Every structure is written in structure tokens, then in C-alpha cells.
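One structure coming up, written as C-alpha cells, with questions to follow.
The values are calculated or read from the model by the stated rules, or taken from the named source; none is laboratory data. It should be emphasised that the depicted structure is a prediction, and the values quoted were computed from it without experimental measurement. We place every Cβ from the backbone using ideal geometry, glycine too, and count neighbours over all the protein chains shown.
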Amino acid sequence: MVPDDPSMPPGGPVDASIDEVVELELIIGHEDFEGEMAELFGAQRMTMRIELHEEDGKTRLVLRQGPYSEDFAGNAREGWMSSFTKLDSLLAR
């Protein structure tokens, strides 16, 4: 994870596990947290589900991730939006 804002602390690796993959359809995974990180996220385990749907020759991605504490949900949303913006730029090349 690399923040867009240079004034923010540097990002770090994500230590997650992929639990299930259905080719071209679904990715399910999780990340476990302890101590301070569990307090930050509001949970000891965060799950992620990415669904891919074909629509009119394009792919719609549905992402569900959590649980999050109310305080952290906005940060997660901003992080994913930043990641997708970077992906768009990469794919446009």
C-alpha cells in the first residue's frame, strides 16, 4: 500500500490470504490482525470478496471488505479508490 499524499506515513505490505478463486468470477480472502492493528480495524479478521460480472462487453467489479470500525471505513474507501485510479492509469498504457 502506497499513499498518494507524500505527507502521509509510508505504506507497507499487505499480509493477506486468498481463500477461494473462481476464474473470471470471484476472489475471496482474509487478513488477520492482532493488538494495535485489531483495534484500528475494529476486528481481528477482515474479509474481502471481489466479484467480477460481465456486462455489455465490460467487467463490473463488486468489492466487499470488512468489518471496519466506523472511523476506519472512509480510509479503506479512499485506499481502494486510489488503487483503482492507479490501475486505470496502468491499463491505459
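Starting from residues that are in a loop (DSSP other than H, G, I, E, B) and hydrophobic (A, V, I, L, M, F, W, C), keep the ones in the range 4-19 and report whichever is modelled with the highest pLDDT.
Ala16
Can you say whether Glu78 is charged (D, E, K, R), surrounded by 12 or more Cβ atoms within 10 Å (Cβ to Cβ), out of contact with any Lys or Arg (no Cβ under 7 Å at 6 or more places or on another chain) and assigned to a helix (DSSP H, G or I), as far as the supplied structure shows?
yes
Can you tell me which residue in the range 12-38 is nearest to Ser83 (Cα to Cα), limited to those that are exposed (fewer than 13 other Cβ atoms within 10 Å of the Cβ) and among the acidic types (Asp, Glu)?
Among them, the one singled out is Asp15.
Separate question: What single numbered condition from (1) surrounded by fewer than 14 Cβ atoms within 10 Å (Cβ to Cβ); (2) in contact (Cβ under 8 Å) with a residue 12 or more places away in the chain fails to hold for Leu52?
Going through the list (1) surrounded by fewer than 14 Cβ atoms within 10 Å (Cβ to Cβ); (2) in contact (Cβ under 8 Å) with a residue 12 or more places away in the chain, Leu52 breaks only (1).
While we're looking at this one, here's another question. Report the residue count in the range 40-54 for those that are in a strand (DSSP E or B) and either over 18 Å from Val21 (Cβ atoms) or not basic (Lys, Arg) (or both).
9
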